[in-house]
Ligand code: GLC
């Protein structure tokens, strides 16, 4: 295993800067770290306030970490390496739990997911929070890559939503040559975890993969074709602007939300924001599964966030209470409507009231069932960190897909050496 000196150095710096949490004698102060909450943060605050009213001895200080999952990961690694007790509840990306559990940074929360309740959660996230037969976090909300489209513009030009990538290219070229102020298709191409999620959808959709039986299979013909196709969206078909190589979810959401793109790949949270009062695209947006390559199946990356308890927390009982509350049926239902975070509890996809408010949730059930997890491994982030620059170089045209994938292959093999 390779230990990076830069991380050790950074950890020393960061640990010194974290703030100390003091408890007031009368109540327990819980610190809850999470990524930026989608939509109106006030609605999330109202949910936290409800928890505090129901639990008079506990106050929650919720603290937002930087937007990208990679920066959040770095924050946790640095602080947990330093045994920080400055936060109690952590929002965990679906890809981190085995790594954090192996490092001993999370409390065992198996008792929060007893067998009868566990069955209500989508299987993908349950697998993601399990490590060596124990559960280390509770699935909070689920994500999968989706295609957003401007239904008004497709209707205007007589098209239905594209089912294949070829159709998407044709429709985008046709419409953008007439509506010249909009981009054809935007997605997340910056060098970060979101790029890996995007690329995997093309690799898997073309029959490729990264690992098979714990061994790298990344430099396959299927993957070379798929990565070249992504580059071609920019350089050959010219439906994707080169700026995608610098953007993450929120920037693409702004572009599309300001009416400046015909198609966008993004997670489900964006829909609620587009439908808000005053949104320039309100009532004009459709959502579907991602297109597929001809005669192949569409593939969508499984994403989502889980809640865990910092092993060094001094308030584990209160922390567990907050997790129970936020992952309950009722809170997940509230979050689906307010922030657009999609429930990890399958029963909510049969909830009539919720479906009335969010009809597209019905079709999401299948998408979430089929969404593919990134490799579930304590070494996933190490693998991701070596493939990110290679994918980025290929879609930016700096390296050929062959060179990028062959270099990624060598580096993954190095990480996986026992
Ligand atoms: C979303 C997903 C998460 C993924 C990230 C990539 O937050 O839920 O799983 O890693 O996007 O940017």
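The values are calculated or read from the model by the stated rules, or taken from the named source; none is laboratory data. Bear in mind the structure is a predicted one, so any value in this text is a computation, not a measurement. As a convention, Cβ positions derive from the backbone with ideal geometry for all residues, glycine included, and neighbour counts pool all protein chains shown.
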In the range 312-334, how many are over 15 Å from residue 112 (Cβ atoms) and outside any helix (DSSP H, G or I)?
3
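Could you check the range 246-304 and list, in sequence order, the residues that are part of a helix (DSSP H, G or I) and in contact (Cβ under 8 Å) with a residue 40 or more places away in the chain?
Passing the criteria: 246, 249, 250, 252, 255, 256, 270, 271, 272, 273, 274.
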Enumeration of residues in the range 210-227 that are assigned to a loop (DSSP other than H, G, I, E, B) and at negative phi
210, 217, 218, 219, 220
Residue count for the range 49-69, restricted to those that are crowded, with 17+ Cβ neighbours inside 10 Å, within 16 Å of the ligand (Cβ to nearest atom) and over 17 Å from residue 306 (Cβ atoms)
1
Please go through the range 171-193 and give me each residue that is assigned to a loop (DSSP other than H, G, I, E, B) and touching a strand residue (DSSP E or B) at 6+ places or on another chain (Cβ under 6 Å), ordered by number.
182, 187
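Would you be able to say whether some residue in the range 128-135 is within 16 Å of the ligand (Cβ to nearest atom), touching a residue at least 12 places away in the same chain (Cβ under 8 Å) and surrounded by 15 or more Cβ atoms within 10 Å (Cβ to Cβ)? Steps first, please.
From the range 128-135, those within 16 Å of the ligand (Cβ to nearest atom) are 128-129; that's our starting set.
Filter once more, keeping what is touching a residue at least 12 places away in the same chain (Cβ under 8 Å): 128-129.
With the extra rule that they be surrounded by 15 or more Cβ atoms within 10 Å (Cβ to Cβ), the set shrinks to 128-129.
Yes, there is a match, as at least one residue in the range 128-135 is within 16 Å of the ligand (Cβ to nearest atom), touching a residue at least 12 places away in the same chain (Cβ under 8 Å) and surrounded by 15 or more Cβ atoms within 10 Å (Cβ to Cβ).
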Please give the number of the condition residue 361 fails out of (1) at pLDDT below 95; (2) buried (at least 18 other Cβ atoms within 10 Å of the Cβ); (3) closer than 20 Å to residue 226 by Cα.
(3)
When the residues of the range 380-418 are narrowed to those that are free of Cβ contacts under 8 Å to residues at least 40 places away in the same chain, part of a helix (DSSP H, G or I) and touching a helix residue (DSSP H, G or I) at 6+ places or on another chain (Cβ under 6 Å), which ends up surrounded by the most Cβ atoms within 10 Å (Cβ to Cβ)?
390
